[in-house]
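A short worksheet on the structure shown next.
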Amino acid sequence: MYTIGQFSELTGVSIRTLRYYEKINVFLPSYVNNRNNYRYYGHEKFSEIKKLKTLRKLGFSLEETKKILNENTNEKLEKVLSNRKVKLLEEKDNLDLALTTVNELFEHGEKALGIPVKCSEVKIEDVPSKRVIGVEGLVNYTNRDKLVSQLFEKIYSFNCTPKGNMMGIPLDNYPNRMKLLYEIEACDDNPAIEILEGGRHASILFKGLYTDLDCAYKKLERFKKVKDESFFIEEYIVGNIPKEIDDLLNVKPLMDIPPYEFLTRVMIKF
């Protein structure tokens, strides 16, 4: 027989825990000396405490552990362990998903928790020059639609036809102020037409909220030259502007595409 101190040292279970297990009737000593109240543990208790520790490692509560140990049949134990395995596998899947989400947050610097963003690898491509018409202004949530309307009104006033996708060039105090552009065709020459110079560009495709575009900017920052020599261009491939525009004076924001499904190409000439 082993004293409680000896049993504690050999099993790695503290004396305090052994006394608590006895108090709640989960694990009892083999013998208690009524004269001095000393606890003693026989050899069979080593097997019992090992089962108890294993069940606790598997996540069973003390009440569940007590019930399992009391039943103590291989058939019932096998059933309990089988059910526990299923539950642990489900928890593992949930933890793997949570870990993947955390890794994505670190990788992409996401601000909107729970809404994953996708930032592609950098692609080097030759971009042709474009004839464009543009407007400048604030792009906060109260003014963006108004600025878009001004752009299409300007295109209409010069009897031009837009093609491709709307683009944006962040200005010095971005994100509060931007220049919105649209490539045009079938348009008489006039002072409103600008040339957006082409050339070799580094680009990234980004899927997510416009407010999370900083992950693309961070990846492209190394391609930026001395201030004012190069600038970022955002091309709104899938966003709040319809692909087909029939009425330039009545362009309505799309409301059937969730913002986290927006697709934007961010480019910089180098």
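The values are calculated or read from the model by the stated rules, or taken from the named source; none is laboratory data. In this text the structure is predicted, and so the values were computed from the model without any measurement. Because the Cβ atoms are built from the backbone with ideal geometry, glycine has one as well, and the counts that use them run over all protein chains shown. Just the protein is used for accessible areas: all its heavy atoms, side chains included, with ligands, DNA and RNA removed. Shrake-Rupley method; radii C 1.70, N 1.55, O 1.52, S 1.80 Å.
Tell me, what ³J(HN,Hα) does each residue in the range 30-42 have, in order and in whole Hz, if you take phi through Karplus 6.51 cos²θ - 1.76 cosθ + 1.60 with θ = phi - 60° and put x for Gly and Pro?
6, 7, 10, 6, 5, 6, 10, 6, 6, 9, 9, 10, x
Convert each backbone phi in the range 244-249 into a coupling constant with the Karplus relation 6.51 cos²θ - 1.76 cosθ + 1.60 (shift: θ = phi - 60°), then list the ³J(HN,Hα) values in order as whole Hz, x for Gly and Pro.
These are the phi-based 3J(HN,Hα) values: 9, 10, 8, 10, 5, 8 Hz.
Expressed as a rounded percentage, what relative contact order does the chain have, with Cα pairs under 8 Å and six or more residues apart? Kindly include the intermediate steps, with their values, before the conclusion.
On the way: 409 pairs, mean separation 44.1, N = 270.
Worked out over the chain, it gives 16 percent.
In Å, what Rg and Dmax follow from the Cα atoms of the chain?
Cα radius of gyration and Dmax of the chain are 34.0, 111 Å respectively.
Using a 1.4 Å probe on the protein heavy atoms, what percent of the accessible area of the chain belongs to carbon and sulfur?
Values: 8870 of 17060 Å².
Carbon with sulfur: 52 percent of the solvent-accessible area.
If we sort 94-102, 176-184, 42-50 on the protection proxy, mean other Cβ atoms within 10 Å, highest first, what's the order?
On the way: 94-102: 10.4, 176-184: 20.3, 42-50: 13.2.
Those peptides, ordered most packed to least, come out 176-184, 42-50, 94-102.
Below 8 Å between Cα atoms, with a sequence gap of 6+, how large is the relative contact order for the range 10-72 in percent? Could you put the intermediate results ahead of the total?
Working: 37 pairs, mean separation 16.4, N = 63.
Dividing the mean separation by the residue count of the range 10-72 yields 26 percent.
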